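Notes to accompany the following structure.
The values are calculated or read from the model by the stated rules, or taken from the named source; none is laboratory data. Remember, predicted model here, so these are calculated numbers, not experimental data. Here Cβ is always computed from backbone atoms with ideal geometry, including for glycine, and neighbour counts include all displayed protein chains. These area figures cover heavy atoms from the full protein model, side chains too; ligands, DNA and RNA do not enter into them. Shrake-Rupley method; radii C 1.70, N 1.55, O 1.52, S 1.80 Å.
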Amino acid sequence: MKTGDYQHLLLAVDFEKESDSVVTRAERLSRLLGARLTLLHVIEHVPASMEYLTLGYPGEMALPDNSDLERELMEVAQRQMEALGDQLDVPAVDQLIKVGSPASVIDKVAAELGSDLVVIGSHGRHGLLGLFGSTARSVLRHSNCDVLCVKLDEHPAAPSSDQEGE
Ligand code: AMP
């Protein structure tokens with residue numbers, strides 16, 4: 001590894017199919033540089049109830065008990081993270097799952113680990129909290145280290161009829 005090369009990459013992974021190229025980029029880059037690769041997935045904190053005033057819904061909508069929901073989300077994320085870790089040959093110590101707001105958790109973990117490059121996709125899942133802003137935009141703005149923002153197609157082509165049902 002040459003002086004000035006990145007030594008510790010932090011890959012922010014949302015487990016979306018569209019983000020495969022982000023994962024591939026990070027994995028290849030880390031191999032090329034001989035750099036450590038840490039995987040981070042953030043489970044967005046789900047409030048027990050949400051006011052949908054901004055969406056034109058005049059009242060409160062009850063969601064399932066949020067601790068059950070978070071536990072379920074955690075179990076699913078653990079399975080996905082383990083599979084990705086196996087696929088990329090990343091040890092368990094470098095497979096992180098946290099709860100919170102993705103952008104701020106990504107910044108915090110990058111600082112704690114001393115990562116010198118965060119790898120993210122230009123856009124991804126727009127879940128409940130995704131409505132309030134873009135993770136990529138926020139990380140690019142606030143991160144203390146370099147950020148590789150992998151450009152993803154905003155409108156991936158629909159599968160052609162002969163690909164369907166394969
Ligand atoms: P977004 O700006 O939310 O559409 O997502 C852009 C990129 O941020 C994704 O391609 C991921 O790299 C990262 N990202 C988004 N959500 C999460 C999450 N919950 N955990 C980890 N990374 C995320």
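Residues checked against (1) crowded, with 18+ Cβ neighbours inside 10 Å; (2) modelled with pLDDT under 95; (3) of a type outside the set (Phe, Trp, Tyr):
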| residue | (1), (2), (3) |
| --- | --- |
| THR3 | no, yes, yes |
| LEU10 | yes, no, yes |
| GLU16 | no, yes, yes |
| SER30 | yes, no, yes |
| LEU37 | yes, no, yes |
| GLY56 | no, yes, yes |
| GLN78 | no, no, yes |
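Just to verify a result, which residue in the range 2-22, among those that are within 16 Å of the ligand (Cβ to nearest atom) and without any contact (Cβ under 8 Å) to a residue 24 or more places away in the chain, is nearest to LEU40 (Cα to Cα)?
Among them, the one singled out is ASP20.
Just one of (1) within 15 Å of the ligand (Cβ to nearest atom); (2) at pLDDT below 95; (3) open to solvent by 40 Å² or more (accessible area, probe 1.4 Å) trips up LYS108, so point out which.
It fails just one condition, (2).
I'd like to know if the range 111-126 contains one or more residues that are modelled with pLDDT under 90, within 13 Å of the ligand (Cβ to nearest atom) and surrounded by 18 or more Cβ atoms within 10 Å (Cβ to Cβ).
Checking the range 111-126: at least one residue is modelled with pLDDT under 90, within 13 Å of the ligand (Cβ to nearest atom) and surrounded by 18 or more Cβ atoms within 10 Å (Cβ to Cβ).
For the range 135-146, what are the residues that are within 10 Å of the ligand (Cβ to nearest atom) and open to solvent by 30 Å² or more (accessible area, probe 1.4 Å)?
Of everything in the range 135-146, those that are within 10 Å of the ligand (Cβ to nearest atom) and open to solvent by 30 Å² or more (accessible area, probe 1.4 Å) turn out to be THR135, ARG137, SER138, LEU140.
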